[in-house]
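Structure first, then comments.
The values are calculated or read from the model by the stated rules, or taken from the named source; none is laboratory data. The structure presented is a predicted model; accordingly, all values stated were derived computationally and were not measured. As a convention, Cβ positions derive from the backbone with ideal geometry for all residues, glycine included, and neighbour counts pool all protein chains shown.
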Ligand code: HEA
Ligand code: HEA
Ligand code: CUA
Ligand SMILES: [Cu+2]
């Protein structure tokens, strides 16, 4: 391959011509693989829902979980606001919205914990039936993802307070936001499939 | 941040190092160790199968040996060795200084040794004995080793996903100026297709393994038939990954030989675009065929036909590659070096494996030969005759680049001949045994199959012995072989345009690419100098 | 030049096709064709073998020819000609394999439809797989048996299931195979066409006893089959017969039942040693326990885990008592 020397090494990376940061591409690819992971669990849930009918599903409390869903959706809005704040250079405002995100995420997790313990009280357990196994595994793994997101949000918040981000440098916030929205969208899928569709 | 201990010390290979070349070598050497272990397990099986009756291993031990042989070969040999090539070569081939995420890269390597140890540890707690396919409910009831097996495969899957994210991101964002997608070396195309498959298929296996592990450890009911659990579900989850996995293992192999043919034929690759496209076609089609492993299972018989059709269609893009390679060497000036011999051996043996794949895809025939030695023969022709041949070809081809020294050509040829004879002797008789009625995964068999098995055992022994000249060659040449030039093969891809071995960060100055990577025989390209060390032909 | 190429190609094609035909018609790689299905499957197999032979020799031939003909000659250090591709060739080697694949696919589909067509009023036989034995039931006669007998020339639908893990019911001479999956019934259709005795094998890994999970199918004339059925019905509650239907005979030698299995210890003269076998247990309780919980005491020299553990559910208490008494009565 014929070639000529390049004098300014910093000009390299043809990929930059695409104008996409590698961290963002990496995050998108990670999300793609997560979609397939949840795809496997969702397929399992739907397969059993279809073959077994899942009579226990009538015990689910749609209203309470609906409220919880709204809380999680709001948290996505908070992340959007956090990102736009820092893009406008307003670091303090970003911290406020990140804090809001953390609180909303934690609320969602608390709600989920309450729901789980309620179901256990009614005798629906992880090991008691195929419904229990599928339901708790699927929503539990989503919960773990929210938990990871909350921890990540705390890290981003701390870094923000230490002035790690600015109007120009905010990829850390943006990549976190991608993840958080993804976790949110998965929940909308789960809410629809588990709670709404009979 | 990025740590580069002094180059030249062997210690860096045992430490957390983020240089993609160090990581590549770590991958390759580690997986080779697992290959030898898995090969020794194979020799145990062959010794047991030398004669009917279970004399050497009892049935339970045999099943553990068989399970670990298959699992190690696939999850700890072919998959990581291919990732090793990807790590070493992708940044060099696209003109980058390292991978996009060097620390993630080191992490994905360092997950592998513990995962391997976990898998091997299963032997000591009552091993995994449900085959590499771990069908439920057998694998749910099995001994504790089965849990270790599941955990190990899960970790290896996560490592593979991290690697794939890294490869794709690197290729998208770090290509040198002028390195357009139309100029990417075909090995890089192969790794792209493979990585996309890893990203879409591996997580599904991880999900399935989570269910199995939960059933075993926590007591969930996913696969408890009495509560309504469905054994076929696991087969779908498993094969949704494991069929694509076979293309994950062959696409980079095809990429390797696509690099080798033009160099030693001194001719441009024939049909660059179609070869690159066919890799993508195989990757996409590969996601749609998984149930061809389940034709005889309890799945709904009406669903089988589409899978038969999609499986057969894969013959078309695969054929395109094979015919393009033949056209590449046609009218060439072939230099029959060891890598070239292995690449030619790849075509002839993969062909047998691929054609018998068509027999398996034809449902009426599959219903006779599924779960017999016919399948065992098919899988070794594609995996050993195919993937392993290509890996050997690649190891010889890039040996001077990686080590800075030349291997010994004569010993290499001995290795090739023994490998070729051994492969055919070991695996051809298995086709006949399977057709005549010998099931797979048995420690004992009907005496009428004895002669096939004796041949297979002899072939297996030759294969094992053929490894010795390779090991000797690799170790002695790495230590004391003649120094290799930067570009001993007069090749045109970028990895040869830097010193052997390449310096930290690969290139003194980032190259600018102006032509395609296989422009042999053209005015503008380098004139072909005679190969430096080994006298070819 | 052009003419010569054409001529050569024609010769190569003729030789290849002749070779393919020869291999396909001469190769003898299959067990006897004991069912109508086998005949059709073998025909398909031969066609695939012929097509593959042609492709195989085409590719290998081209490869070997190229290696011999286009090897670098000593002293010739030039590169080869810069040929990057050839569109018509590339179209050709996309279209021809596509056509072959379509033909093979359609033909395979036809064979599939034909072999899985049960015909009118097939006989039903239920097949149950257990670790590590097969048992059979004739629902029309409400008869459970240890052996599979079939009348020649009559189409039969096997309804296959399992009581524990997945097994796979396979008669190589019939060419068909179907998994026995717990919790569901899968069907397979066969019409035997040859009188004889053919092996049955389990083809799905099912545990330590997978390789010994064998049996046989007896294909016989309608008269012989009817006689066998009548005899089986008469014997249904005889303990010696029970020993065979439950599959004990597959693993144990017992002269009175005429069985020859060697996976487990021979059971002749059991009375003499059963008493002192397990510490502080009399003969009858010991034998009963050996049947219900085989692993609680493992006969020396034999492997645990092989003998099925579900006889407690499969035998009625009366049958169990009869069986124990029968075993202890053997000299
Ligand atoms: C490298 C790995 C690899 C590759 C590349 C392949 C390639 C193929 N495989 Fe294979 N396969 C395995 C690894 C692989 N396989 C393994 C490991 C198993 C066993 C798993 C287990 O149970 O343990 C298996 C099992 C397996 C089965 C299940 C068998 C059973 O258990 O019942 C089937 C069924 O359809 C199948 C089909 C195919 C087909 C159609 C191809 C095709 O991709 C092949 C295409 C190639 C060619 C056809 C040759 C070249 C083409 C030409 C020269 C063009 C002209 C040709 C024609 C027109 C026909 N394979
Ligand atoms: C890449 C994948 C790969 C590779 C390379 C191999 C390599 C070999 N395989 Fe393997 N095999 C599988 C993948 C692979 N296999 C899979 C997926 C299965 C299915 C498992 C299942 O059913 O679950 C399988 C199953 C399988 C079976 C069937 C088991 C059964 O169904 O009961 C057999 C039987 O002969 C076998 C044999 C061999 C042999 C002899 C080799 C040889 O090529 C190995 C040669 C190499 C060495 C021996 C190591 C190096 C040698 C030395 C360092 C020399 C010194 C050592 C000695 C002389 C002992 N394999
Ligand atoms: Cu039953 Cu194998
Ligand atoms: Cu497959």
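Structure above, values below:
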item	result
Test: residue in region B:318-337 that is over 24 Å from the mean Cα position of the chain (by Cα) and within 16 Å of ligand 3 (Cβ to nearest atom)	no
Only listed residue being more than 11 Å from chain A (Cβ to nearest Cβ), surrounded by fewer than 24 Cβ atoms within 10 Å (Cβ to Cβ) and under 24 Å from residue C:91 (Cα atoms), chosen from B:275, B:269	B:275
Region B:135-164 residues that are away from chain C (no Cβ under 14 Å) and over 21 Å from residue B:81 (Cβ atoms), paired with ones that are at pLDDT 95 or above and buried (at least 23 other Cβ atoms within 10 Å of the Cβ) (beta carbon under 6 Å, 6 or more apart)	B:150/B:209; B:150/B:212
Helices (runs of 4 or more DSSP H) contained entirely in region B:364-469, each with at least 2 residues that are more than 12 Å from ligand 2 (Cβ to nearest atom) and at pLDDT 95 or above	B:389-403, B:409-436
Test: residue B:112 is away from chain C (no Cβ under 14 Å), in contact (Cβ under 8 Å) with a residue 24 or more places away in the chain, crowded, with 23+ Cβ neighbours inside 10 Å and more than 10 Å from ligand 2 (Cβ to nearest atom)	yes
Extreme residue, farthest from ligand 1 (Cβ to nearest atom), among residues of region C:139-172 that are under 28 Å from residue C:257 (Cβ atoms) and facing another protein chain (nearest Cβ under 8 Å)	C:164
Residue B:371 surrounded by fewer than 23 Cβ atoms within 10 Å (Cβ to Cβ) and under 18 Å from residue C:176 (Cα atoms)	no
Positions within region B:294-308 being within 11 Å of ligand 1 (Cβ to nearest atom), surrounded by fewer than 23 Cβ atoms within 10 Å (Cβ to Cβ) and part of a helix (DSSP H, G or I), in sequence order	B:304, B:307
Any hit, region B:499-506, residues being within 18 Å of residue B:412 (Cα to Cα), in contact (Cβ under 8 Å) with a residue 24 or more places away in the chain, away from ligand 2 (no atom under 16 Å from the Cβ) and assigned to a loop (DSSP other than H, G, I, E, B)	no
Among the residues listed as B:275, B:232, B:248, the single one being part of a helix (DSSP H, G or I), out of contact with any helix residue (DSSP H, G or I) (no Cβ under 7 Å at 6 or more places or on another chain) and within 16 Å of ligand 1 (Cβ to nearest atom)	B:232
Flag for residue A:44 being part of a helix (DSSP H, G or I), at pLDDT 95 or above and facing chain B (nearest Cβ under 8 Å)	yes
All positions within region B:213-237 that are closer than 15 Å to residue B:307 by Cβ and surrounded by 24 or more Cβ atoms within 10 Å (Cβ to Cβ)	B:235
Those residues of region B:212-223 which are under 32 Å from the mean Cα position of the chain (by Cα) and over 17 Å from residue C:165 (Cβ atoms), in sequence order	B:213, B:214, B:217
Total residues in region B:359-389, condition more than 14 Å from chain C (Cβ to nearest Cβ) and more than 10 Å from ligand 1 (Cβ to nearest atom)	0
Matching helices (runs of 4 or more DSSP H) fully within region B:1-99 where at least 3 residues are within 14 Å of another protein chain (Cβ to nearest Cβ) and more than 13 Å from ligand 2 (Cβ to nearest atom)	B:79-94
Residues of region C:258-308 classified as assigned to a loop (DSSP other than H, G, I, E, B) and more than 37 Å from the chain's Cα centre (by Cα), total	8
Answer residue from region B:294-310, given it is within 26 Å of residue C:171 (Cα to Cα) and free of Cβ contacts under 8 Å to residues at least 60 places away in the same chain and is nearest to ligand 2 (Cβ to nearest atom) among those	B:307
Residue within region B:272-283 that is touching a residue at least 40 places away in the same chain (Cβ under 8 Å) and more than 23 Å from the chain's Cα centre (by Cα) present	yes
Criterion: over 22 Å from residue A:137 (Cα atoms) and within 8 Å of chain A (Cβ to nearest Cβ) - qualifying residue of B:194, B:173	B:173
Residues of region C:150-171 classified as in a strand (DSSP E or B), more than 12 Å from ligand 3 (Cβ to nearest atom) and buried (at least 19 other Cβ atoms within 10 Å of the Cβ), total	5
Residue count, region C:208-239 (criterion: within 14 Å of chain B (Cβ to nearest Cβ) and in contact with a helix residue (DSSP H, G or I) (Cβ under 6 Å, 6 or more places away or on another chain))	1
Residue C:105 being within 9 Å of chain B (Cβ to nearest Cβ), buried (at least 17 other Cβ atoms within 10 Å of the Cβ) and modelled with pLDDT under 90	no
Of residues in region B:138-175 being out of contact with any helix residue (DSSP H, G or I) (no Cβ under 6 Å at 6 or more places or on another chain) and assigned to a loop (DSSP other than H, G, I, E, B), the one surrounded by the most Cβ atoms within 10 Å (Cβ to Cβ)	B:142
Among the candidates B:275, B:250, B:269, residue that is within 16 Å of ligand 4 (Cβ to nearest atom) and over 28 Å from residue C:160 (Cβ atoms)	B:250
Criterion violated by residue B:532 - all others in (1) part of a loop (DSSP other than H, G, I, E, B); (2) at pLDDT 80 or above satisfied	(2)
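A quick yes/no check of all residues on (1) within 11 Å of another protein chain (Cβ to nearest Cβ); (2) without any contact (Cβ under 8 Å) to a residue 60 or more places away in the chain; (3) within 16 Å of ligand 4 (Cβ to nearest atom):
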| site | (1), (2), (3) |
| --- | --- |
| B:437 | yes, no, no |
| B:440 | yes, no, yes |
| B:457 | no, no, no |
| B:465 | no, yes, no |
| B:472 | no, no, no |
| B:488 | no, no, no |
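Table: residues versus (1) surrounded by 16 or more Cβ atoms within 10 Å (Cβ to Cβ); (2) in contact with a strand residue (DSSP E or B) (Cβ under 7 Å, 6 or more places away or on another chain); (3) modelled with pLDDT of 85 or more.
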| position | (1), (2), (3) |
| --- | --- |
| C:272 | no, no, no |
| C:276 | no, no, no |
| C:280 | no, no, no |
| C:286 | yes, no, yes |
| C:293 | no, no, yes |
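Condition check ((1) within 16 Å of residue B:190 (Cβ to Cβ); (2) within 16 Å of ligand 3 (Cβ to nearest atom); (3) free of Cβ contacts under 8 Å to residues at least 60 places away in the same chain) across all residues:
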position	(1), (2), (3)
B:214	no, no, yes
B:218	no, no, yes
B:223	no, no, no
B:243	no, no, yes
B:258	yes, no, no
B:266	no, no, no
